[in-house]
Amino acid sequence: MSAGIDSITAAATTPRGYGPMRRKEDARFLRGKGHYLDDIRLPGMLHGAILRSPYAHAWITAIDTSAAEAHPKVHAVITGETLAGLGLAWMPTLSHDVQAVLATDKVRFQGQEVAFVVAEDRYAARDALGLIDVEYEPLTPVVDARKSLDPDAPLIRDDITGRTDNHIFDWEAGDAAATDEVFARADVVSSCDMVYPRTHPAPMETCGSIASMDPVTGKLTVYTTTQAPHAHRTVYALVAGLPEHKIQIISPDIGGGFGNKVGIYPGYVCAVVGSIVTGAPVKWVEDRSENLMSTSFARDYHMHGEIAATKDGTILGVRVKVLADHGAFNGTAQPSKMPAGLFHVFTGSYDLQAAHCAVTGVYTNKAPGGVAYACSFRITEAVYLIERLVDVLATDQGWDPAELRMNNLIRAEQFPYTTATGWEYDSGDYPQTLRLALQMVGYEELRREQAARRAAFERGEASELMGIGLSFFTEAVGAGPRKHMDILGLGMADGAELRVHPTGKAVLRLSCKSQGQGHETTFAQIVAEELGISPDDIEVVQGDTDQTPFGLGTYGSRSTPVSGAAAAVVARKVRERARIVAAAMLEVSPADLEWSKGSFHVKGDPSASKAMAEIAMAAHSDLELPEGVEGHLDATCVYNPPNLTYPCGGYVCVVDVDPGTGQVKVRRFVAVDDCGVRINPMVVEGQVHGGLADGIGMALMEVMAFDTDGNHLGASFMDYLLPTAVECPSWELGETVTPSPHHPIGAKGVGESATVGSPPAVVNAVLDAIGVRHADMPLTPAQVWRAMQGRPLRTDLAIG
Amino acid sequence: MQITVTVNGAERTVEVEPRLLLVHLLRDHLGLTGTHWGCDTSNCGTCVVWFDGTPVKSCTVLAAMADGHEVRTVEDLATADGLDPIQQAFSDHHGLQCGFCTPGMLMTGRWLLDRNPDPSEQEIREAISGQVCRCTGYQNIVRSVRAAAELSQVKGARA
Amino acid sequence: MQVPAQFEYARATSVAHAIDLLRRHGPESRLVAGGHSLIPMMKLRIANPETLIDINDLAELTRIGLDSGLLRIGALVRHAELLDSAVVGEHFAIFRDAERVIADPIVRNWGTVGGSLCQADPSEDLSAAFSAVRAIAVIQGADGERTVPVREFHTGPYQTVVGAAEILTELRVPIRPGGGSAYTKVERRAGDWAVAAAGAVLWLDGNTVSDVGIGLTAVGAAHFAAEEAEDFLRGRPATEESFAAAGRIAAAHCNPVADQRGPVDYKRHLAGELTTRALRRAAARAAGAAVETEGA
Ligand SMILES: Cc1cc2nc3c(=O)[nH]c(=O)nc-3n(C[C@H](O)[C@H](O)[C@H](O)COP(=O)(O)OP(=O)(O)OC[C@H]3O[C@@H](n4cnc5c(N)ncnc54)[C@H](O)[C@@H]3O)c2cc1C
Ligand code: FES
Ligand code: FES
């Protein structure tokens, strides 16, 4: 166990494998020598800008581009009509729907792409947007998801023949009858309506792309901010009918992704068309408003949850109905067969007898998307739902929320555990993890302090209330297996290639792509651990489809569970080849060799040994090589995960609330994570820290609300608030380690754990402080005050 | 119009439009892409540089305003002798992940330490409160600035 | 990133030169000080001036000083300078309190006092602080200088009495002994504009309030002031009951509008609650207590 606010520091020397280590990528970032998309300038490059709809729902009756075209610095103006001529006005989404690249008929959300200008510099491109004249005929928008299925609701998707309403899908999981039966015999049932409002990943770097079509060779090079370069290449081939071997996607340094940089956006396609039309490279980088208004949002789940229990506090079952707002085009990025992603892990970390959920997806006049933002395919919503429901049950019954959780957690001996909705959790010791969190925070003592504070407050001697909030989450990460999970028919597996040069230095090529998590370091450490060479001697290549093997990329905390496994497996393949070569060098049989600390030696004779560098040289030398090795040690592999991995964590948040103003101060946050084996504990901690700040953001300030006209009310960082250093406490981290039994190195992934686990802890703490059963996020000062008045706000709509 | 700005100690004379923002002068005209941008509303702080020795948001300053003045960017922190203590501390304590906010954080951190060599955790948090980091949850940034203070003090004591 | 439309740029070398430039370039010209209100609006193309007249070289406007019973603050004083000024802190803690929570430290390095007042944003903090202390604005034009009480300075949202070819040069705050002042603000997050904020300055005669000034921002208070509450308090005992009653009066007389920072009832509640709190802190300071400035 490690605990306390003193985080891990890089070791003074580089470890030979796992352990805290300074990141290799830091050297360039610290000197201002990172290489992000907008840093790239190609010779003759032009700049694109997008004209967007001011209306949420309107017919386009006319577009006049003549004045813009006459601008001396403008090279091209592209409209939906231009694209229609090329068959590119619409593109497929990641959810088997289509999305307008540039609107041809009507606009369906505020900020939708209407025209694309290509000019000599970004200032001129922006000026030219002002010269385009678009005539709109406004229509009534559908803003409130709850009214989207009303019989008189305006039809949004009249582009799809035969469509008469805004319904996208109905989907269910679990056993409805068994769940009803459990509810019928339960002693107590609590229910709650809750909204997980629309939020945005908002990485500090916005999305962008530079397309360069070589008119002579027909090769298209696209530099783009993508977490999934290979998937992008295939999609461009399918969408634009371009030959896939002539497409190269290069994802440079990424300034944060969090799911925002998975999909293909209309601007990217416009840049490609712009380059084809002008014969020059075209850069398009969205500004912040464009980022917040039009690229992948997350959540927007309206949930009704019920929880059933016995009177002695055994939770029996959970029943859920969800209305999912997917915006104007169903563009959510999740496994094809699961329109609500992995939401059916909503049974959480508890041993339930039955559970059922029914999810209905609807169109509204809002931006498309729906899954992005460090959520592991809707697990954020699922964890929020169950962790709020457990607290509501505890409140209704006067039970202690820690005790209620402890009594119902799945026990260590129950693993592998099959949930009521069919997931097979791989490993964990949940009670131990929660116990550690409670111990670190000093739960009993805090409850005493709280009681004393409340009494003092009632006597008028204290001006603040305090609250303690818990959450316990189970994450499900590392998608596939490919037979269950695909995106647009591409199975969710990842590749790795490992070359060992004659001098024993290695190059690892990966299909996944770092968005800042430090892959160059941690993946080198994985290989280092397997081959016994220094991570400094291993170069990690990623992000360039011409240089790396195919794979689905980085999201859903997939990197370590899938690509990390691929890196370990490919290194083991190299090691086995090295064994054969070493055997030839030592003139023994491969079976007589033993591997330890980076070299093979003859069993029983440690002095007869060959280190990896010597073996590598021999593999390239004139040594007569035995059967099984043609000439070098290099290997490739594709890793198709046998199951998801299931990290978990127990979180406790302590807040102080000023009831006179509704202001919340997060005093402490204890997070105990179990993500299996930790490769670089320093990096793991960093991942958790970032996710915890996300939790503060979503619980207390982040929201994209819309007014009745469909205007986006969070379209800049002035209105879409991200937490600063002042709102974040010093995180207190702890760990338990239960390795994943089916993962080659026992690692489970941690990228999204804290984002998933922390929001309910913060919300539970604030509501605990003010003694309110439920109020929706974000708990802004206004919302807290209103909740105390018994009149909480509807946070997804404009405040009236 | 023609402007002359001293950037990282060297005079640079450039022909610019009056509307050019300082951040674009640095990035697009002078090739100093270490300074980033991340918003339209002066909220994110990824663009922080020093203007006559004081940190400013370079997205909200005109290049024309810098005519005759001095600008210092992240590229000027490291010297031939190596990294500035604040850069070293960010590396040792994992004060950065994607690196996008980092140049701004470094410039503010360096400035804070120059004025207040021994800042408290709360003072550090307030000093960077106009700068958003989406990756680190700030704790390791705060620790890095603290560590840089200690590193500098050790160095100072030896000198 | 969004970028401004084209404009001409001129640098003023003196106040007289600035006025001359304004006259020559006509009504579509604008002064730019820190630019931290104007440039964001120009990027969004809400403001599209034809000429910008840069006044950053006017050293004559950068002074803070005491002069025959007046605290004089130049229009080009940066927020950070006001925050750090010992003489300001000694006489008017309200400014130190306010500046700690205006924008963020980097914006404060560049935004100016004059720009804040002239921007006349209905949520501007300094407008309320200067209104509370009944400052006097000094405005210069081609025909010379005139003074206007800050409570008559703003003529509406984003509107002031400063004419097209005039420049705000200074703010003067009369100093009277025996006072205490404070500013308190609710924001959704550090660096955000106020949901509501209140500033108070108060003079005590024994335990009686001999004079008082209350400033309010973001709640639609006329002239950024709570005059009815001031009238009520003058001559009353400086007690918790009086301050609470003053808060209720301030709340009743303001006129907030709903936005994403909060609904009307909540903002009205805050107007009262924060008025009471500011008065409480100001009174404690007037009575000689050391009251810490609250951080962001
Ligand atoms: C991210 C951010 C957060 C902010 N948060 C807050 C906050 O919480 N509270 C708050 O009160 N403010 C806040 N502000 C506003 C900030 O305080 C103002 O931008 C700043 O003080 C305005 O001053 P300036 O010098 O930048 O003005 P400028 O932008 O240069 O000018 C503003 C206006 O005033 C005019 N003007 C400037 N100086 C003069 C003069 N001497 N005479 C006549 N006219 C003049 C200009 O022509 C222009 O119309 C925030 C700003 C930003 C960017
Ligand atoms: S770019 Fe965001 S503050 Fe400058
Ligand atoms: S390190 Fe990514 S934004 Fe700070």
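Points worth noting:
- Within region C:179-295, all pairs of alpha-carbon atoms sorted by distance into 10 Å bins from zero give the percentages 16, 49, 28, 7, 0.
- With the convex hull drawn over the C-alpha atoms of chain B, the volume per residue is 109 Å³.
- Accessible-area composition of the protein assembly as shown, carbon plus sulfur, in percent [1.4 Å probe]: 50 percent
- Cα-based helix-to-principal-axis angle, B:139-158 vs chain B, degrees rounded to 10: 80 degrees
- Label zone of B:THR54 (point 7 Å out along Cα→Cβ, amide N under 11 Å): in region C:88-106 this covers C:106.
- Accessible-area ranking of A:TYR123, A:TYR136, C:TYR158, largest first, probe 1.4 Å: C:TYR158, A:TYR136, A:TYR123
- Average beta-carbon neighbours from other chains, 10 Å sphere, peptide B:113-126: 2
- DSSP bridge orientation in region A:493-639 - percent antiparallel, rounded to nearest 5: 80 percent
- Cross-link partners of A:LYS321 among lysines, defined as those whose alpha carbon lies under 29 angstrom from its own and excluding same-chain residues fewer than eight positions apart: A:LYS147, A:LYS311, A:LYS337, A:LYS366, A:LYS483.
- Computed E for A:THR708/C:ARG146 - FRET, C-beta separation, R0 51 angstrom, nearest 0.05: 0.65
- Helical mean residue ellipticity (222 nm; -39500 (n - 2.57) per DSSP H run of 4+; nearest 500) of chain A: -8000 deg cm²/dmol
- Distance from the C-alpha centroid of region A:650-723 to that of region A:408-460: 20 Å, rounded to the whole angstrom.
- For region A:87-98, putting each phi into the Karplus relation 6.51 cos²θ - 1.76 cosθ + 1.60 with θ = phi - 60° gives couplings of x, 10, 5, 10, 9, x, 9, 6, 10, 6, 10, 10 Hz, in residue order, rounded to whole numbers and with x for Gly and Pro.
- Calculated from the alpha-carbon coordinates, region C:208-263 shows an Rg and a Dmax of 12.2, 40 Å respectively.
- The modelled label-to-label distance between A:LEU488 and A:GLN439, using points 7 Å beyond Cα along the C-beta direction, is 5.0 nm.
- B:GLU70-B:GLU123 pseudo-label distance in nm [points 7 Å out on the Cα-to-Cβ vector]: 2.3 nm
- When only alpha carbons of chain C are considered, Rg and Dmax amount to 18.8, 60 Å.
- The Rg/Rh ratio for region C:59-174, using Cα coordinates for both the radius of gyration and the Kirkwood hydrodynamic radius, is 0.93.
- For region A:601-671: span of alpha carbons on each principal axis (Å, largest first): 83, 32, 22
- Peptide B:58-68 is shielded by partner chain Cβ atoms: per residue, an average of 5 of them sit within 10 Å of its Cβ.
- Under a 5 Å amide H cut-off, with hydrogens placed 1.01 Å from N, C:LEU31 pairs with C:ILE53 among residues at least 5 apart or on other chains.
- Around the Cα centre of the protein assembly as shown, unit charges on the Cβ atoms of Lys, Arg, Asp and Glu (plus for the first two, minus for the last two) sum to a dipole of about 700 debye.
- Computed over chain A, the P(r) curve from all C-alpha pair distances, binned at 20 Å from the origin, holds 16, 47, 31, 7, 0 percent per bin.
- Span from the region B:1-66 Cα centroid across to the region A:730-752 one, whole angstrom: 43 Å
- Between C:ALA282, C:ALA244, C:ALA198, the Gaussian network model of chain C with springs among Cα atoms under 10 angstrom shows the greatest mean-square fluctuation at C:ALA244.
- Residue among C:GLY199, C:GLY141, C:GLY163 with the largest mean-square fluctuation in a Gaussian network model of chain C, springs linking Cα atoms under 10 Å: C:GLY163
- Among the residues of region B:2-21, those with an accessible-area drop of 40 Å² or more from chain alone to full protein complex, heavy atoms and 1.4 Å probe, are B:GLU17, B:PRO18, B:ARG19, B:LEU21.
- Averaged over peptide A:514-520, the number of partner chain Cβ atoms lying within 10 Å of each residue's Cβ comes to 3.
- Dividing the summed helix terms, -39500 (n - 2.57) for each DSSP H run of n ≥ 4, by the number of residues in chain C produces a 222 nm estimate of -9500 deg cm²/dmol to the nearest 500.
- In the C-A interface, the accessible area buried, summed over both sides, Å² (probe 1.4 Å): 2500 Å²
- Between C:ARG268, C:ARG236, C:ARG176, the Gaussian network model of chain C with springs among Cα atoms under 10 angstrom shows the greatest mean-square fluctuation at C:ARG176.
- Per residue solvent-accessible surface (Å²) - the protein assembly as shown, probe of 1.4 Å: 32 Å²
- Distance between modelled label sites at A:ASP152 and A:SER463, nm, 7 Å Cα→Cβ extension: 5.1 nm
- Maximal additional length on extending the A:THR140-A:LYS321 stretch stands at 62.4 nm, based on 0.36 nm per residue less the C-alpha distance.
- Interface area, chains A and B: about 4600 Å² of buried accessible surface, summed, with a 1.4 Å probe and ligands, DNA and RNA left out.
- Measuring with a 1.4 angstrom probe and ignoring ligands and nucleic acids, A:HIS501 comes out at about 70 Å² accessible.
- Part-to-part distance (alpha-carbon centres) for region A:225-247 and region A:353-374, which is given in Å: 27 Å
- Protection-proxy order for peptides B:3-15, A:364-376, B:103-115, each taking the mean of Cβ atoms within 10 Å per residue, highest first: A:364-376, B:103-115, B:3-15
- The residue among A:ALA58, A:ALA382, A:ALA565 whose Cα reaches farthest toward the positive pole of the charge dipole of chain A, with charges on the beta-carbon of Lys, Arg, Asp and Glu, is A:ALA565.
- Above-threshold pairs, the threshold being 31 Å between Cα atoms, out of A:LYS246/A:LYS283; A:LYS603/A:LYS748; A:LYS665/C:LYS267: A:LYS603/A:LYS748
- Expressed per residue, the C-alpha convex hull volume of region B:85-158 stands at 71 Å³.
The values are calculated or read from the model by the stated rules, or taken from the named source; none is laboratory data. Note that the structure is a prediction, hence the values are computed from the model and not measured. Quick reminder, even Gly has a Cβ in these numbers, built from the backbone with ideal geometry, and neighbours come from all protein chains shown. Just so you know, the surface numbers come from the protein's heavy atoms only, side chains and all, with ligands and any DNA or RNA stripped out. Shrake-Rupley method; radii C 1.70, N 1.55, O 1.52, S 1.80 Å.
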